[in-house]
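Visitor: One structure is given below, represented as structure tokens, and several questions about it will come after.
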Amino acid sequence: MATLKAVRGTRDLLPPETELWNRIEATARAVFARYNFGEIRTPVFEDTALFSRSVGEETDIVSKEMYTWEDRARAQSEKSQSLTLRPENTAGVVRAYIEHKLGETGQLQKLYYIGPQFRRERPQKGRYRQFWQIGAEVIGPPSSGSESPLRDAEVLEMLATLLDELGITGWTLELNSVGSSADRERYNAVLRAALVEVAPKMCVDCQRRAVTNPLRVLDCKVPEDQPIIATLPVIADSLDEDSRAHFAAVTTALNAAGVAYNLNRHLVRGLDYYTRTTFEFTHGGLGAQNALLGGGRYDGLSESIGGPKAPGIGFAMGLDRLVLTLQAQESVESSAAPEKIHAYIAPLGESLNAAALTLARELRRAGLRIDLGDGGFRLKKSLETADKMARRIVILGEDELRSGILTVKDFASGTQTKVPRAELARVLAEPSGR
Ligand code: ATP
Ligand code: MG
């Protein structure tokens with residue numbers, strides 16, 4: 001029988017690597033808490049229409065990357081329905097915002113999420129079919145201040161702080177404004193006209209986009225198309241007074257806070273819902289998949305899926321890419337060996353297994369990290385196993401059980417001592433090698 005493997009584009013995360021994942025998630029949660037964000041968890045699958053209406057039919061995500069299936073009805077009262085594994089989480093958050101009428105509180109909603117997303121992409125380094133995102137959204141009715149450029153600057157400043165606290169060095173913030181929907185309509189017309197002449201020299205996808213959704217041409221990744229894209233008109237020239245002023249206020253606040261950025265007039269991002277401020281944080285160490293995170297403002301998203309007016313701004317960072325970046329940095333900076341556990345308990349004989357479990361329970365409840373051998377092992381094997389993972393070994397034989405005085409060997413110093421059971425937890429918590 002052929003052996004079963006994890007599906008192409010998916011992978012298992014194993015210890016000790018998962019420790020790094022947990023550290024990143026814990027740091028993100030701590031930073032979000034300081035900025036007064038609360039966690040939201042939305043379902044992993046949603047009605048397909050949610051994504052086609054928000055992310056956009058012409059985007060790569062919706063047109064070719066979604067895992068979509070027709071879900072059969074289980075009862076007469078149910079209808080079969082087209083469902084999709086979420087390719088991103090903003091649409092789900094905004095759906096939840098509408099469904100739970102969060103706008104009626106009048107308060108600005110500040111929500112973050114951490115979870116897996118799914119896209120049928122070509123797997124390569126930093127690009128998977130199941131990948132993880134850490135993201136956040138700031139959304140609310142206009143009266144809550146959700147449209148203010150201060151919100152954009154605050155989110156960007158928070159991201160700079162988060163990347164710094166994660167220890168990621170050498171990131172770049174790429175910043176642009178794609179304007180309001182009216183600006184985009186104007187720009188679309190300008191772009192469409194410019195594309196008439198050059199589109200025939202571009203890839204087939206761009207030839208189609210030139211007609212259906214010209215903005216998506218700017219998001220093309222085909223290397224041969226890049227010189228042509230560089231000559232196209234930029235959206236900055238199509239922004240109206242309000243959009244210009246909004247963007248100027250964002251950059252003024254970033255300058256004041258000392259958050260460095262790079263104005264990138266060609267940055268448009270691959271989802272249709274973005275308006276005004278758009279951004280990416282990139283990192284040179286990632287190679288072709290150089291985006292650590294992407295985001296922007298989405299002032300019309302709620303209305304496009306049937307909700308009230310609810311301007312917002314958010315981002316999603318690729319957790320897989322944060323891990324890759326930190327691993328690359330740490331191997332340069334010297335990787336520390338994983339910390340050893342406090343002790344390994346070795347029962348001398350199977351009749352002592354139950355007593356060994358009781359002892360382990362006591363010590364673990366006292367907060368120590370303990371592993372437990374088996375009375376079926378020879379002492380030599382126990383010593384070898386323990387030496388690899390623990391600072392000390394606790395030997396539990398008939399004598400030790402009866403007298404309540406345990407034999408403890410410290411691997412760093414090589415010394416063996418007798419310790420009364422009542423003092424064991426305190427002794428094991430001390431640094432080894434003394
Ligand atoms: P890219 O240009 O790298 O394809 P994107 O524009 O599709 O990114 P978004 O949809 O904005 O990215 O997602 C935000 C972040 O999620 C990206 O910056 C990246 O770090 C991460 N990401 C996106 N797709 C994948 C994937 N297939 N595998 C791993 N991480 C991903
Ligand atoms: Mg992509």
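Visitor: In nm, give the distance between the simple-model label positions of Arg402 and Ala189, each being 7 Å from the Cα along the Cα-to-Cβ direction.
Guide: It works out to 9.9 nm between the two label points.
Visitor: Here is a further query. May I ask you to derive the relative contact order of the chain, considering only C-alpha pairs under 8 Å and at least 6 residues apart, and to give it as an integer percent?
Guide: Taking the mean separation of contacting Cα pairs over the length of the chain, I get 14 percent.
Visitor: Okay, moving on. Which FRET efficiency, nearest 0.05, do Asp47 and Thr358 yield, Cβ-Cβ r, R0 51 Å?
Guide: Values: r = 53 Å, r/R0 = 1.03.
My answer for the efficiency is 0.45.
Visitor: Oh, and also: I'd like to compare 357-363, 139-145: which one has the highest average count of other Cβ atoms within 10 Å, and what's the full order after that?
Guide: Order by mean packing, descending: 139-145, 357-363.
Visitor: A further question on this structure: Note down, for the range 341-429, the three equivalent ellipsoid semi-axes (square root of 5 times each alpha carbon gyration tensor eigenvalue), biggest first, whole angstrom.
Guide: Those come to 16, 15, 13 Å.
Visitor: Among rounded, prolate and oblate, which fits the chain when a ≥ b ≥ c are the square roots of the eigenvalues of its C-alpha gyration tensor, a/c under 1.5 means rounded, and a/b larger than b/c means prolate? Provide the component values of the computation, followed by the final result.
Guide: Values: a/c = 2.37, a/b = 2.22, b/c = 1.07.
Prolate, since a/c reaches 1.5 and a/b exceeds b/c.
Visitor: Taking a probe of 1.4 Å, how large is the accessible area per residue of the range 341-429, in Å²? Intermediate results must be reported in sequence, preceding the final value.
Guide: Working: 4750 Å² over 89 residues.
So the range 341-429 comes to 53 Å² accessible per residue, rounded to a whole number.
Visitor: Report the Cα centroid-to-centroid distance between the range 239-261 and the range 298-314 in angstrom, as an integer.
Guide: If you average the Cα positions of each part, the centres end up 22 Å apart.
Visitor: Rounded to the nearest 0.05, what FRET efficiency is calculated for Lys64 and Glu330 with R0 set to 25 Å and r the Cβ-Cβ distance?
Guide: It comes to 0.10.
Visitor: Related question: About the Cα centre of the range 18-119, how large is the charge dipole given +1 on each Lys and Arg Cβ and -1 on each Asp and Glu Cβ? Please answer in debye to the nearest 20.
Guide: Computed about the Cα centre, the dipole is about 320 debye.
Visitor: Put +1 on the Cβ of every Lys and Arg and -1 on every Asp and Glu Cβ in the chain; which of Cys220, Ser144, Thr385 then has its Cα farthest towards the positive end of the dipole?
Guide: Thr385
Visitor: With every protein chain kept in place and ligands, DNA and RNA left out, what is the accessible area per residue of the range 188-322? Probe 1.4 Å, answer in Å².
Guide: Result: 41 Å² of accessible area for each residue.
Visitor: Could you tell me which residue out of Val190, Leu159, Thr172 lies farthest along the dipole of the range 131-194 toward its positive end? Charges go on the beta carbon: Lys and Arg +1, Asp and Glu -1, centred on the Cα centre.
Guide: Val190
Visitor: Right, next: Can you say what percent of the DSSP beta bridges in the range 341-429, counting only those with both residues inside, are antiparallel? Round to 5.
Guide: Among the beta bridges of the range 341-429, antiparallel pairing accounts for roughly 50 percent.
Visitor: Determine the shape class of the range 61-157: with a ≥ b ≥ c the square roots of the Cα gyration tensor eigenvalues, call it rounded for a/c under 1.5, and otherwise prolate if a/b is greater than b/c, oblate otherwise.
Guide: oblate
Visitor: Under 5 Å between amide H atoms, partner at least 5 residues away or on a different chain: which partners does Trp132 have, H built in plane at 1.01 Å?
Guide: Result for Trp132 returns Gln117, Leu319, Asp320.
Visitor: With springs only between Cα atoms under 10 Å, which of Ser180, Ser148, Ser77 fluctuates most in a Gaussian network model of the chain?
Guide: Ser77
Visitor: GNM on the chain, C-alpha springs below 10 Å: top fluctuator among Gly258, Gly318, Gly404?
Guide: Gly404
Visitor: What is the gain in length, in nm to one decimal, between Ser82 and Ala256 on full extension, counting 0.36 nm per residue of separation less the C-alpha to C-alpha distance?
Guide: Gain in length upon complete extension: 57.8 nm.
Visitor: If you don't mind, there's one more thing I want to ask. How big is the charge dipole of the chain about its Cα centre, in debye rounded to the nearest 20, if each Lys and Arg gets +1 on its Cβ and each Asp and Glu gets -1 on its Cβ? Mind dumping the intermediate values first?
Guide: Values: 55 positive and 57 negative charges, 260 e Å.
So the dipole magnitude of the chain works out to roughly 1240 debye.
Visitor: In addition: Full extension from Arg265 to Ala182: what is 0.36 nm times the residue separation minus their Cα-Cα distance, to one decimal in nm?
Guide: Contour length minus the Cα-Cα distance gives 28.1 nm.
Visitor: Given the Cα-Cα distance of Arg11 and Ala26 and 0.36 nm per residue of separation, how much length would full extension add, in nm? Write out the running numbers ahead of the final one.
Guide: Values: separation 15, 0.36 × 15 = 5.40 nm, distance 2.18 nm.
Here the answer is 3.2 nm.
The values are calculated or read from the model by the stated rules, or taken from the named source; none is laboratory data. All of these numbers come straight from a predicted model, not from anything done at the bench. Every residue, glycine as well, gets a Cβ built from its backbone with ideal geometry; the counts of neighbours run over all protein chains shown. Ligands, DNA and RNA are stripped out before the accessible areas are found, and what is left, the full protein with its side chains, is counted by its heavy atoms. Shrake-Rupley method; radii C 1.70, N 1.55, O 1.52, S 1.80 Å.
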